[in-house]
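The values are calculated or read from the model by the stated rules, or taken from the named source; none is laboratory data. Because the structure is a prediction, the values reported are computed rather than measured. Here the Cβ positions follow ideal geometry from the backbone for every residue, glycine too, while neighbour counts run over all protein chains shown.
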Amino acid sequence: MDMSLEEASLDLGETRFGTFKRVILPMVSPGLISSLLIGFTISLDEFIIAFFLTGTETTLPVYIWGQLRFPAKLPGVMALGFLMLLLSLVLLSLFEYFRRRMNRIVEDQSNVQFGDLFKTW
């Protein structure tokens with residue numbers, strides 16, 4: 001990240017929190033969201049590690065594996081799997097919506113002409 005953007009914001013009188021909120025957070029949010037989605041996906045995939053490292057509290061993958069041993073629990077496990085799939089699709093859809101929205105905002109800001117800066121409403 002270019003430190004001159006943060007310095008410019010501070011030089012123009014913005015507070016540290018305002019600089020974080022208006023400059024830093026919008027720039028790093030795609031990376032944060034991507035890392036959260038990757039971490040979510042990997043945590044569901046790493047069953048063996050979760051199985052061996054689990055203490056007294058079970059994780060969701062270990063719980064699902066434990067329920068698969070009982071045929072009567074199969075409908076509940078399938079419903080849980082569907083809910084996890086639905087949650088994943090909702091998270092991905094939200095991320096895509098905000099990504100497109102941010103791209104549209106950046107394109108609108110880059111199309112501003114120099115003369116437009118001096119027009120009054």
Hey, does the range 62-82 have a residue that's under 24 Å from the mean Cα position of the chain (by Cα), farther than 30 Å from residue 106 by Cβ and either surrounded by 13 or more Cβ atoms within 10 Å (Cβ to Cβ) or aliphatic (A, V, I, L, M) (or both)? yes
Those residues of the range 19-61 that are among the small types (Gly, Ala, Ser), surrounded by 12 or more Cβ atoms within 10 Å (Cβ to Cβ) and closer than 23 Å to residue 101 by Cα come to a total of 2
Helices (runs of 4 or more DSSP H) lying entirely in the range 9-56 (those with 1 or more residues that are closer than 14 Å to residue 88 by Cα and either under 18 Å from the mean Cα position of the chain (by Cα) or not basic (Lys, Arg) (or both)): 25-45
Contact list, first residue from the range 4-18 and surrounded by fewer than 12 Cβ atoms within 10 Å (Cβ to Cβ), second anywhere and of a type outside the set (D, E, K, R) and assigned to a helix (DSSP H, G or I), beta-carbon distance below 9 Å, six or more apart or interchain, is 16/10
Cβ-Cβ under 7 Å, sequence separation 6+ or interchain: first residue in the range 66-84 and polar (S, T, N, Q), partner loosely packed, with under 13 Cβ neighbours inside 10 Å. Which pairs? 67/76
What is the residue count in the range 87-100 for residues that are at pLDDT below 85 and charged (D, E, K, R)? 1
